[in-house]
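The structure appears below as structure tokens.
Throughout, read-outs are computed from the coordinates displayed, never taken from laboratory work. These numbers were taken from a predicted model, which means no experiment stands behind them. Here the Cβ positions follow ideal geometry from the backbone for every residue, glycine too, while neighbour counts run over all protein chains shown.
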Amino acid sequence: MMFQNQVIWITGASSGIGEALAVAFAREGARLVLSARREEELKRVADECNRQSNAADHAMVLPLDVTQTDTLAPATDQVLERFGRIDLLINNAGISQRSLCKDTDLSVYQKLMDVDVMGQIALTKTVLPHMLEHGSGHIAVTSSVAGKVGVRLRTGYCAAKHAVMGFFDALRAEVEDEGIEVSTIVPGFVSTPVAENSLTGDGTPFGEADADNAGGMAPDKAAEVILAGLGKGKREIPVGEGKEMMALWLKRLSPELTFRMTKNRK
Ligand code: NDP
């Protein structure tokens, strides 16, 4: 029960990995702040969290859109008013992409950057001063294997996930000696609605499951791996059990081979 009574703020908590993390932390007795845009879905997750923790009020529903950056400071104030501190922030909200570069409108790249990069940076910047003031805290971000390797149909998503990897690795170098831990979570395929919610070239949702994600790791198992990694203070947490995880070490050992393999993977 290493997260008991810890105050944990999860974005993207209305679905998929964020939802599974919320439920897993609730079982550990954590106090939770659940954020995403869809309030009804957050309430559903909060009910489940309160059931799991046997506490009526351990989960706070705090709807927000991470791209509305002017709302993030007031949201942080609400969390501090309710719980007095934030022990762990998990920047997990995100959207993916399913379109070739030649077919993708510039506005789609802008949206991917706004949600997957700027939203994570903006929220981190509102929470960080409170952690620095207390001399402790933990900030995590859900990047991706696509944050290490470039793959077809995801030029914008790969750019965004590489960007957060760089940002949070650099942030760690700045704040680790001040008592702030920073973890990058690196999932391969996890079985969530991420493909359905992905953006196509004109910005409309892809709307279909894809075999890779559908056959990926179960979200509750992914949550287990992430909790274990965060609990140990791991700086980088790989999450997955399929062949895609090989890309993490292959990219380091043989970039050339990785480029050939990703080109041939349709
Ligand atoms: P889901 O689509 O199930 O979850 C995405 C979450 O992000 C939802 O809760 C969604 O909630 C929220 N979200 C999207 N846009 C915004 C926004 N503008 N503001 C606030 N919240 C937002 O997919 P996953 O659970 O799979 O994705 C979670 C994270 O994991 C993402 O960052 C994704 O890129 C990453 N990831 C997933 C992998 C996988 O295979 N599933 C692999 C690698 C990384 P709402 O719509 O209510 O706002």
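Here are the numbers:
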quantity	calculated
Tilt relative to the chain, helix 39-53 - C-alpha long axis, 0 to 90 degrees, to 10	60 degrees
Alpha-carbon centroids, region 200-221 and region 47-76: separation in whole Å	25 Å
Value at 222 nm in deg cm²/dmol, rounded to 500, when DSSP H runs of n ≥ 4 in the chain each add -39,500 (n - 2.57)	-14000 deg cm²/dmol
3J(HN,Hα) from dihedral phi, region 96-103, Karplus parametrisation 6.51/-1.76/1.60, rounded to Hz, x for glycine, proline	9, 9, 9, 7, 6, 4, 5, 9
For the chain: Kirkwood Rh in Å [reciprocal of mean 1/r, alpha carbons]	18.6 Å
Approximate spin-label separation Glu133-Glu196, in nm, with each point projected 7 Å along Cα-to-Cβ	4.1 nm
Folded to 0 to 90 degrees: helix 72-83 orientation relative to the chain principal axis, Cα	40 degrees
Antiparallel bridges, percent of DSSP beta bridges restricted to the chain (to nearest 5)	5 percent
Label point 7 Å beyond Cα of Lys125 along Cβ direction - residues of region 70-111 with amide nitrogen under 16 Å	70-76
Estimated distance in nm for a label pair at Thr71 and Arg85, the labels positioned 7 Å out from Cα along Cα-to-Cβ	2.9 nm
Neighbour-count order for Leu128, Leu253, Leu88, Leu34, fewest beta carbons within 10 angstrom listed first	Leu253, Leu128, Leu88, Leu34
Net charge of Cβ neighbours under 11 Å - reference Cys158; Lys, Arg +1; Asp, Glu -1	+3
Placed amide H near Val190: partners under 5 Å, 5+ positions off or other chain	Met217
Quotient of C-alpha Rg and 2.2 N^0.38 Å, computed over region 53-181	1.17
Local electrostatic count at Ala13 - Lys and Arg +1, Asp and Glu -1, tallied over other residues with Cβ under 9 Å	-2
Total formal charge among the other residues, if their Cβ is under 14 angstrom from that of Lys232, Lys/Arg +1 and Asp/Glu -1	-1
Using alpha-carbon coordinates, inclination of helix 255-264 to the longest axis of the chain, degrees	80 degrees
